Amino acid sequence: MRIGFLFNHDQIHQMAHSLPVAMALAGADTGAEIIVATTNDLLAHEAIRLMGGAVPVGIRLVALGLRSPASRGLNAVLGSILPAAKLLVYRDNLDFFRSLDLLVVTERTSLILKTRYGLSSLRMVLTDHGAGDRAIGFGKSAALFDHILAAGPKIRDRLTREAGVCPDRLTITGYPKFDIAAGQGRPIKFRGSNRPIVLYNPHVSPHLSSWYTQGRAVLDYFLGSDRYNLIFAPHIMMFERRMAVTIDKLRFGLPGKLHARYASAPNIHIDLGSAALTDMSYTNGADIYLGDVSSQIYEFLKSPRPCLFLNSQGIDPDRDPNFAHWQSGPVIAEADDLDRGLEEAVADHPGRYRSVQRRLFDHTFDLTAEPSSARAARAIACLARGDLPDGRSADGRLAH
């Protein structure tokens with residue numbers, strides 16, 4: 001039995017969501033061959049870092065790349081604007097994917113193996129990256145996976161209701177990232193200041209993010225503030241390319257460049273690409289969250305604290321599950337309202353928002369004393385031997 005874990009992206013932010021599962025599976029003595037496949041050196045180095053500096057016994061690390069001259073040429077032309085390599089790597093490594101019995105992935109692009117390249121016999125398991133509310137996480141393509149490992153009841157319920165996923169193809173296993181991404185309690189020491197730390201965490205999606213219309217105004221507000229320190233930690237893909245492109249709604253955005261005055265400010269810390277963007281250092285260490293639609297809000301809510309949201313796109317969030325997280329703090333329309341919004345977020349947190357945050361967190365994550373990665377590994381082991389994780393065999397009979 002060959003079980004592959006695929007990491008195919010330009011950046012490292014998806015790795016902590018399923019690599020802990022591969023490690024737990026390798027340590028479970030199932031007899032399966034566990035293969036961790038990465039598609040660039042950055043991902044390979046991050047995999048080794050997360051595994052403690054060396055590949056553990058029971059895991060084989062494999063490098064996938066662009067094999068054909070045509071693919072390398074296309075990527076050279078398009079790669080600075082579009083994720084060409086991410087798509088081309090599937091075509092160039094079909095023999096590898098055919099050799100697997102089961103493939104665990106963290107995103108939906110990999111379904112191209114079934115829809116375009118006809119690998120219908122390859123069983124594919126999704127353990128998604130993040131547990132947010134955006135509609136893209138609940139698209140109908142999810143029903144094409146053979147099984148989905150869900151963080152909690154919110155994900156399960158929306159996938160069955162909105163994507164038409166059969167309940168038998170879903171198993172709640174918690175959030176494996178919590179097993180490996182401890183972060184640091186107070187990652188940034190601002191020069192001579194104990195002001196409250198605000199984390200500004202805008203998403204990359206042009207049609208939802210606050211960055212493209214309000215981002216620099218936000219930085220200017222904190223540049224002139226004597227009340228707050230700021231960690232500017234956007235989505236790790238925000239400044240990866242000159243242009244940000246989203247596929248759920250075809251939109252283009254220009255992240256632009258940051259003026260040096262922000263980086264030189266004593267009360268502003270800027271991080272556009274380090275591992276701290278992905279290991280919960282900032283969500284653990286900040287006092288106040290400021291954002292829009294990033295799923296990192298739910299990682300922040302692991303310890304309830306004041307939150308504030310920027311609705312710079314004129315969205316009507318009432319009764320819209322895609323913005324359920326906006327219930328956890330006040331919502332403002334523009335950076336001019338930051339003074340009022342931050343004060344309200346702090347003042348109203350104990351009496352109004354803390355209980356809401358706990359409810360949202362508990363609905364999003366089903367956490368138990370057993371590590372989530374171990375629960376997910378057990379579910380995958382069941383699937384690998386032909387059983388459903390709830391004890392039924394693949395044809396519906398009880399397994400003995």
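The values are calculated or read from the model by the stated rules, or taken from the named source; none is laboratory data. As the structure is a computational prediction, the values presented were derived from the model and not from experiment. Here the Cβ is made from the backbone with ideal geometry for all residues, glycine too, and neighbour counts use every protein chain on show. Remember, those area values only see protein heavy atoms, side chains included, never the ligands or the DNA or RNA. Shrake-Rupley method; radii C 1.70, N 1.55, O 1.52, S 1.80 Å.
Under a 5 Å amide H cut-off, with hydrogens placed 1.01 Å from N, ALA150 pairs with THR171, ILE172, THR173 among residues at least 5 apart or on other chains. Placing LYS189, LYS140, LYS114, LYS177 in order of accessible area, with the largest value first and a 1.4 Å probe, yields LYS189, LYS140, LYS114, LYS177.
Whole-Hz Karplus values for the stretch 323-340 come out as 10, 4, 5, 5, 6, 8, x, x, 10, 10, 9, 7, 5, 4, 9, 4, 3, 5 Hz, taken residue by residue from phi with 6.51 cos²θ - 1.76 cosθ + 1.60 and θ = phi - 60°; glycine and proline positions read x. For the peptides 334-347, 61-74, 120-133, the ranking by mean Cβ contacts within 10 Å, running from highest to lowest, is 120-133, 334-347, 61-74. Here is how the number arises for the chain: DSSP H runs of 4 or more residues each give -39500 (n - 2.57), the sum is divided by the residue count, and the result at 222 nm is -8000 deg cm²/dmol. The stretch 269-344 to the stretch 81-147: how many Å between their Cα centroids? Here the two parts' Cα centres lie 29 Å apart.
Here's how it looks for VAL62: its modeled amide H is under 5 Å from those of VAL36, ALA37, THR38, which are all 5 or more places away or on a different chain.
The long axis of helix 372-384 is offset from the longest Cα principal axis of the chain by roughly 30 degrees.
Under the simplified labelling scheme, the GLU334-HIS259 pair shows an inter-label distance of 1.8 nm, with each label point 7 Å from Cα along Cα→Cβ. Extending 7 Å from the Cα toward the beta-carbon at both SER120 and LEU82 defines two label points whose distance is 2.8 nm. Rg and Dmax of the chain, both derived from C-alpha coordinates alone, stand at 21.3, 67 Å. Overall, the accessible surface of the chain at a probe of 1.4 angstrom is composed of carbon and sulfur to the extent of 52 percent. Probing with 1.4 Å while keeping every protein chain in the model, the per residue accessible area of the chain equals 43 Å².
With a simple spin-label model that places each label point 7 Å from the Cα along the Cα-to-Cβ direction, the separation between GLN327 and VAL62 comes to 4.3 nm.
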